[in-house]
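Accompanying notes for the structure given below.
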């Protein structure tokens with residue numbers, strides 16, 4: 001451990017001239033930020049895939065509990081749609097976090 005006081009360790013702040021050279025105007029809170037069309041499409045696709053996957057999963061469960069034969073495409077749709085929707089949503093969450101940190 002060092003016995004150096006904190007004032008000696010800290011880096012002095014930049015001069016007022018340097019701070020004034022790059023003005024930053026905060027965004028207007030009344031104007032919502034623009035969303036990219038690709039992000040909007042990915043959100044819509046994830047929601048549709050999730051609803052489709054839940055619908056096909058419900059159909060598979062109802063048909064199998066009723067003792068009927070379930071079509072293989074219905075099982076495949078429920079097995080692939082839900083994980084794909086989950087991955088899309090996770091990607092959108094990670095992208096949102098990355099955008100917020102970047103400012």
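(1) more than 22 Å from the chain's Cα centre (by Cα); (2) at pLDDT below 95: which one isn't true of residue 98, the others all being true?
(1)
What single numbered condition from (1) modelled with pLDDT under 95; (2) in contact with a helix residue (DSSP H, G or I) (Cβ under 9 Å, 6 or more places away or on another chain); (3) surrounded by 10 or more Cβ atoms within 10 Å (Cβ to Cβ) fails to hold for residue 40?
Failed condition: (2).
Can you tell me which residue within the stretch 45-66, out of those that are more than 13 Å from residue 84 (Cβ to Cβ) and surrounded by 15 or more Cβ atoms within 10 Å (Cβ to Cβ), is nearest to the chain's Cα centre (by Cα)?
Per the criteria, the residue is 57.
The values are calculated or read from the model by the stated rules, or taken from the named source; none is laboratory data. The structure presented is a predicted model; accordingly, all values stated were derived computationally and were not measured. Every residue, glycine among them, receives a Cβ derived from its backbone with ideal geometry; neighbour counts consider all protein chains shown.
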